[in-house]
Amino acid sequence: LVPPDPGHFDDSLRLWSDPEVVRHMGGQVQDVEATWRRLLMRMGHWQALGYGYWSVFERDGGAFVGDLGFADHHRLLQPSVALAPEAGWALVPAMQGRGYALEALQAALAWARRQWPEGDLRAIIAPEHAASAKLAGRVGFRRLETAVYVGKPVEIWRLSLASA
């Protein structure tokens, strides 16, 4: 896990312009401009809030794996998820199914427990995204309820850092 950096732009563009990656996250591939804004937002989260997303790379060889971390998106969602940082992850399709998401999420959660030992996290997962739901469950997230976000159903998941 490394802090996001402008040098990660090409990797981010490859990730966020892939239809398979965004299929369960609104379905809209991102162009150069949107990906640049996303990368700047990732960097700005760390500056403004002291937490954010990391760029994930393989330890051996340094290949880009994806993005993973925590954010405050101020989503217009009912019920609100603003009570806690929102966890999220996205991996390059070639890196999926190889254990990277679990390893990276476990490392991120260890960091979160040091930052917010009595806190909670939320995750928003599309109901049909079985792989993300499985990952969330493996690390201790529990499904709370279904909500509607941008006209589509989403599941809200919660993880208590104090009990995990």
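What the table shows:
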{"read-out": "FRET efficiency for Glu58 and Tyr149, using Cβ-Cβ distance with R0 set to 30 Å, rounded to 0.05", "value": "0.40"}
{"read-out": "Inter-centroid distance (Cα atoms) of the stretch 71-114 relative to the stretch 132-164, Å", "value": "10 Å"}
{"read-out": "Positive dipole terminus of the chain, leading residue within Pro153, Pro4, Pro79 (C-beta point charges)", "value": "Pro79"}
{"read-out": "Surface accessible to a 1.4 Å probe, per residue, for the residues of the chain, Å²", "value": "53 Å²"}
{"read-out": "Within the chain: Cβ-based charge dipole about Cα centre, in debye rounded to nearest 20 (Lys, Arg +1; Asp, Glu -1)", "value": "460 debye"}
{"read-out": "Sites Gln96 and Leu49, calculated FRET efficiency, Cβ-Cβ separation with R0 35 Å, nearest 0.05", "value": "0.80"}
{"read-out": "Heavy-atom accessible surface of the chain: percent carbon and sulfur, 1.4 Å", "value": "52 percent"}
{"read-out": "Debye, to nearest 20: dipole size of the stretch 9-81, +1 on Lys, Arg Cβ, -1 on Asp, Glu Cβ", "value": "280 debye"}
{"read-out": "Per-selection Rg to Rh, the stretch 10-146 - Cα, Kirkwood hydrodynamic radius", "value": "0.93"}
{"read-out": "Calculated FRET efficiency for the pair Val29/Ala110, C-beta based, R₀ 45 Å, to 0.05", "value": "0.90"}
{"read-out": "Furthest towards positive pole of dipole, Gln30, Ala104, Ala133, structure part the chain, Cβ charges", "value": "Ala133"}
{"read-out": "Where labels lie 7 Å past Cα in the beta-carbon direction, separation of Ala131 and Trp36 in nm", "value": "3.0 nm"}
{"read-out": "Cβ-defined net charge surrounding Leu40, 12 Å radius [Lys, Arg +1; Asp, Glu -1]", "value": "+1"}
{"read-out": "The stretch 76-144 - convex hull of alpha carbons, volume per residue in Å³", "value": "104 Å³"}
{"read-out": "Cα-centred dipole magnitude for the stretch 40-111, charges only on beta-carbon of K, R (+1) and D, E (-1), debye, nearest 20", "value": "80 debye"}
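The values are calculated or read from the model by the stated rules, or taken from the named source; none is laboratory data. In this text, all values refer to a predicted model and were calculated from it rather than measured experimentally. Using ideal geometry, Cβ is built from the backbone for each residue, glycine included, and neighbour counts are taken over all protein chains shown. Note: accessible area is taken over every heavy atom of the protein model, side chains too, but ligands, DNA and RNA are not part of it. Shrake-Rupley method; radii C 1.70, N 1.55, O 1.52, S 1.80 Å.
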